[in-house]
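The values are calculated or read from the model by the stated rules, or taken from the named source; none is laboratory data. Predicted model only: the values in this text are computed from it and were never measured. Here the Cβ positions follow ideal geometry from the backbone for every residue, glycine too, while neighbour counts run over all protein chains shown. Accessible surface is based on the protein model in full, side chains and every heavy atom, while ligands, DNA and RNA are left aside. Shrake-Rupley method; radii C 1.70, N 1.55, O 1.52, S 1.80 Å.
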Number of protein chains: 2
Amino acid sequence: MYVTSPNHYVDSDISRVSRDFLASEVFERAAIRSLPEESLLFCEGDEAVQVYEILEGVVRTSKVLCDGRRQIISFGYPGDLVGISHDCRYHYDCETVSEVKLRAHRKNACSANSQTEPEFCKLLLKHTAFEMNSMQEHFLMLGRKSALEKICSFLVVLLDKVAVEENGLMRFQVPMYRSDIADFLGLTIETVSRTITKLRKDGVIDLPKPNEIIVCQPAKLRALAERSE
Amino acid sequence: MYVTSPNHYVDSDISRVSRDFLASEVFERAAIRSLPEESLLFCEGDEAVQVYEILEGVVRTSKVLCDGRRQIISFGYPGDLVGISHDCRYHYDCETVSEVKLRAHRKNACSANSQTEPEFCKLLLKHTAFEMNSMQEHFLMLGRKSALEKICSFLVVLLDKVAVEENGLMRFQVPMYRSDIADFLGLTIETVSRTITKLRKDGVIDLPKPNEIIVCQPAKLRALAERSE
DNA sequence: CGGTCCTTTGACACGCCTCAATTCATGTGG
DNA sequence: CCACATGAATTGAGGCGTGTCAAAGGACCG
């Protein structure tokens, strides 16, 4: 999952398409695995044999600098693929945020044969090309948005992705820690917390629990995601 | 071109591979075009018919927010591909930085047929997967590095990519404006200028002209790219 | 020589970070 | 069922890095 601005040209069915296609029997039977929360799926540098498809739960992909600074690349939700590699090495870490169920496909961009598996290659291509668009949107946010805009953009994405209506209000879970959000948005934990508190005090959102958000004013949240004032 | 940290697993031949392969006669004869500096190649939203391969010169790809804030996604150097799209729309602008010669290929990720052109699809896949790695490195920089680290990382990439030795010192051109560098690194023009001046005063680099850099202490430059002090 | 555009430099403000303490949520053992 | 421990989230005070605004310098060109 990447934080994207509203004026993008989304092929909104790509993840569904991916899921259906991978779930089909075109390829070898894929192994389904379950992992508890906060467990490591793979590391930067590991041999990238498999591509993983998230079926349930949330994962995070990240890179770290030698001094410990971390940048979370993306949060992977059901339907997302992680681990695609062009050279049979993973270039980032992947860990579970919550309990996760996933399907492992024993082919990758490097090992797939374009002659015998053209459809698989085309699927991976569409997926990576689509993901690149999302990453480009995320660039804009990391490089050019304020803390408030970043947090609001992040919440808007979750709102559109996983929120459920309840008494006319949209409610959703935030399964990741504040530190994950901070490392995803290029902020500190404290700034994330302060910004969320500000949104709560302004009546834009409500926080029944730290990991649960109710959006009281979705339009305002979306507006704040675009410009600071 | 993305700013990358040194501890990445690079298939350093990918751009050469791309160039050789696309230059071959496997596909239809591709049109070669020349463009003057500061001209528009395509816009976000345009129909993405073609993929472009840079032969000479430098291009920049960028996205802009409605209020004018801009983020440069990448600088494209000879051997790079720009314009790959999964849904036949370009999702960013592409302009020339210098005079540019390029080859236009009349196929894209969306229009290519994986059955009849498996090699082309595989090539695009390898290219996009490779570029995703570079973008992930760039995330780390945008989100977690200081101005000094950003500038040094940027200069190190140029050093490794285009510098030539002269009297035992590495020298290279910086074809883009300070504003381009600023929008690429998520800084302001003034901060870019101040940081470059600091590097000059510290004796790490020399600036015979604003657009020409001599690296006096490459090791120190590389060290500064990793940690602020 | 004058105009234009880019770059550099300076003064100042402010947003976010740092460090530290407090509050809160959750789980455990008595 | 309630103290206590643990780890996360929140809140506060203060400093620093980078942005903002403005002006000066420099390169290039007609």
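So, A:Ala223, is that one more than 12 Å from DNA strand C (Cβ to nearest atom), of a type in the set (A, V, I, L, M, F, W, C) and within 14 Å of another protein chain (Cβ to nearest Cβ) or not? Yes: the conditions hold for A:Ala223. Here the condition is being modelled with pLDDT under 95, out of contact with any Gly (no Cβ under 8 Å at 6 or more places or on another chain) and not charged (D, E, K, R); of A:Leu148, A:Leu221, A:Leu124, it holds for A:Leu124 alone. Where the second residue is away from DNA strand C (no atom under 16 Å from the Cβ) and open to solvent by less than 60 Å² (accessible area, probe 1.4 Å) and the first is free of Cβ contacts under 8 Å to residues at least 12 places away in the same chain and lies in segment B:152-179, which pairs have Cβ atoms under 9 Å and are six or more apart or on separate chains? Listed by first residue and then by second, the contacts come to B:Val164/B:Met170.
Applying the condition of being among the charged types (D, E, K, R) and in contact with a Phe, Trp or Tyr (Cβ under 7 Å, 6 or more places away or on another chain) to segment B:50-90 and asking which residue is farthest from A:Glu131 (Cα to Cα) yields B:Arg60.
What number of residues within segment B:79-97 satisfy the criterion of being over 22 Å from B:Lys126 (Cβ atoms) and in a strand (DSSP E or B)?
Of the residues in segment B:79-97, 4 are over 22 Å from B:Lys126 (Cβ atoms) and in a strand (DSSP E or B).
For the structure I just gave you, tell me whether A:Ala129 is within 11 Å of DNA strand D (Cβ to nearest atom) and within 12 Å of another protein chain (Cβ to nearest Cβ).
Taking the combined requirement at face value, the residue does not satisfy it.
Checking each residue in segment B:204-229 for being part of a loop (DSSP other than H, G, I, E, B) and away from DNA strand D (no atom under 15 Å from the Cβ) picks out B:Val204, B:Cys216, B:Gln217. For segment B:189-203, taking the residues that are of a type outside the set (Val, Ile, Thr), assigned to a helix (DSSP H, G or I) and more than 8 Å from DNA strand D (Cβ to nearest atom), the one that is surrounded by the fewest Cβ atoms within 10 Å (Cβ to Cβ) is identified as B:Lys201.
Only one of the numbered conditions (1) open to solvent by 20 Å² or more (accessible area, probe 1.4 Å); (2) within 14 Å of chain A (Cβ to nearest Cβ); (3) on the phi < 0 side of the Ramachandran plot; (4) assigned to a loop (DSSP other than H, G, I, E, B) is not met by B:Glu37, and that is (2).
State the number of residues belonging to segment B:144-188 that are within 14 Å of DNA strand D (Cβ to nearest atom) and open to solvent by less than 10 Å² (accessible area, probe 1.4 Å).
The number of residues fulfilling the criteria is 10.
If the condition is being of a type in the set (Ser, Thr, Tyr) and free of Cβ contacts under 8 Å to residues at least 60 places away in the same chain, then segment B:43-83 contributes B:Tyr52, B:Thr61.
Scan segment A:98-116 residue by residue and report those that are away from chain B (no Cβ under 11 Å), out of contact with any Phe, Trp or Tyr (no Cβ under 7 Å at 6 or more places or on another chain) and either surrounded by 23 or more Cβ atoms within 10 Å (Cβ to Cβ) or not in a strand (DSSP E or B) (or both). Hits for segment A:98-116 are A:Ser98, A:Glu99, A:Val100, A:Arg106, A:Ser111. Here A:Met141 meets the list (1) more than 30 Å from B:Lys126 (Cβ to Cβ); (2) within 16 Å of DNA strand D (Cβ to nearest atom) almost entirely, failing just condition (1). Scanning segment B:65-85 for residues that are over 15 Å from the mean Cα position of the chain (by Cα) and either surrounded by fewer than 22 Cβ atoms within 10 Å (Cβ to Cβ) or more than 15 Å from B:Gly45 (Cβ to Cβ) (or both) turns up B:Leu65, B:Cys66, B:Asp67, B:Gly68, B:Arg69, B:Arg70.
So, A:Gly79, is that one modelled with pLDDT of 90 or more and more than 9 Å from every other protein chain (Cβ to nearest Cβ) or not? Here the answer is yes, as A:Gly79 does meet what is asked.
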